[in-house]
């Protein structure tokens, strides 16, 4: 059975209460439950982590090598600023799907640049919490095709 790390960055612990008009009403716990349910049908093991700290996120990415088969990453605002996260993803050589609840390309111009996208298998944005399920489906298909 393949294992996937779902890693969430800054401010995502506040989902459900933080700007629900932008990010939706689902909490991070709701998203984790949705993902667990989908993972059972896809025969995936999941692990979850969230941090507001860039270095902690990098530590989780490094620890994923050898422990997981892929990563789903919502790096939050670090998407648009962290070369270090990009380097970490590239370094561990695991397939990574970038996820955003909102459509980052329809928001402020600084959100249009993703440092994660060049090293990601793909990017899903604008579908709210369902984007995590789409990421699971895509990553599972990629892992099955290997």
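Condition check: assigned to a helix (DSSP H, G or I) and either crowded, with 16+ Cβ neighbours inside 10 Å or under 12 Å from the mean Cα position of the chain (by Cα) (or both). Does residue 85 satisfy that? Judged against the criteria, residue 85 is a match. Looking at segment 1-25, which of the residues that are over 23 Å from residue 53 (Cβ atoms) and not in a helix (DSSP H, G or I) is farthest from the chain's Cα centre (by Cα)? For segment 1-25, the residue satisfying everything is 1. The residue pairs whose first member lies in segment 72-92 and is on the phi > 0 side of the Ramachandran plot and in contact (Cβ under 8 Å) with a residue 60 or more places away in the chain, whose second member is part of a helix (DSSP H, G or I) and surrounded by fewer than 23 Cβ atoms within 10 Å (Cβ to Cβ), and whose beta carbons are closer than 6 Å, counting only pairs six or more residues apart or on different chains, are 76/12.
A Cβ distance below 6 Å, combined with a sequence gap of six or more or placement on separate chains, defines the contacts here; from segment 15-33, residues that are under 14 Å from residue 46 (Cα atoms) reach residues that are in a loop (DSSP other than H, G, I, E, B) in the pairs 31/129. The residues of segment 93-118 that are surrounded by 17 or more Cβ atoms within 10 Å (Cβ to Cβ) and assigned to a helix (DSSP H, G or I), listed by number, are 104, 111.
FYI, it's all coordinate maths here, none of it is from the lab. Fair warning: this is a prediction, and the values are worked out from it, not measured in the lab. In this analysis, Cβ positions are derived from the backbone assuming ideal geometry, glycine residues included, and neighbour counts consider all displayed protein chains.
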